[in-house]
Amino acid sequence: MSEPARHLPQYETTGRPAPGPLRDWLTAMKAQVPQAATPQAASPVPDEPRAVQPEPVRAPEPVRTVEPPRATEPTWSPRIVQSVDAPRPAPEADAEDVSELVAENLMLKAKLRLESERYGDLQAILAQEIRDLRQHVRSEMESLHTVRAERDRFQAEHDAARTERDAMQAERDLWQARAETLAQPLFQKR
């Protein structure tokens, strides 16, 4: 019986009292309705005649237990249903869901902020590492250019020394050939 009764059951109004559980239920219902909610107390003009509206009556819930209720167990109490004209407050479950969503949203925003700060820190560290690596590569390339220039200088000196040696060998061969030519008549038989 989670839904309020929309249609009132048709009961014959007679002078006899209602049965036991129904009478108890009606008494409990009247005790739970606040006096300010009754139309008589809320009327702005006391002398104006008004139509009396019957209070909505719900059918009692059928008794499902065979044993009498114990004193330690909570007894059933009727649910108060507001009229359609009165503004209905948002159910607590929806408010709790919204509050949980807001809390989760705030938590996710905080996590996102922390992650973006960590990402920014990581980017700064990576940028510094890249600058250091570029500087290291630049210094290595400068030393490589120095070594290449030195190698080229040594190669040029080596080539010059080889050229000079070849020239000296050619001159030696020339002098050797001259000396053999000049010495040839001396060693011939006469």
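The values are calculated or read from the model by the stated rules, or taken from the named source; none is laboratory data. The structure displayed is predicted, hence computed values, not measured ones.
Those residues that are modelled with pLDDT under 90 and polar (S, T, N, Q), I need them from segment 97-112; list them, please. Reasoning before the result, please.
Within segment 97-112, the subset modelled with pLDDT under 90 is 97-104.
Answer for segment 97-112, where residues must be modelled with pLDDT under 90 and polar (S, T, N, Q): just Ser99.
Taking Glu115 as meeting all but one of (1) at pLDDT below 70; (2) within 24 Å of the chain's Cα centre (by Cα); (3) acidic (Asp, Glu), write down the number of the exception.
Against the list (1) at pLDDT below 70; (2) within 24 Å of the chain's Cα centre (by Cα); (3) acidic (Asp, Glu), Glu115 comes up short only on (1).
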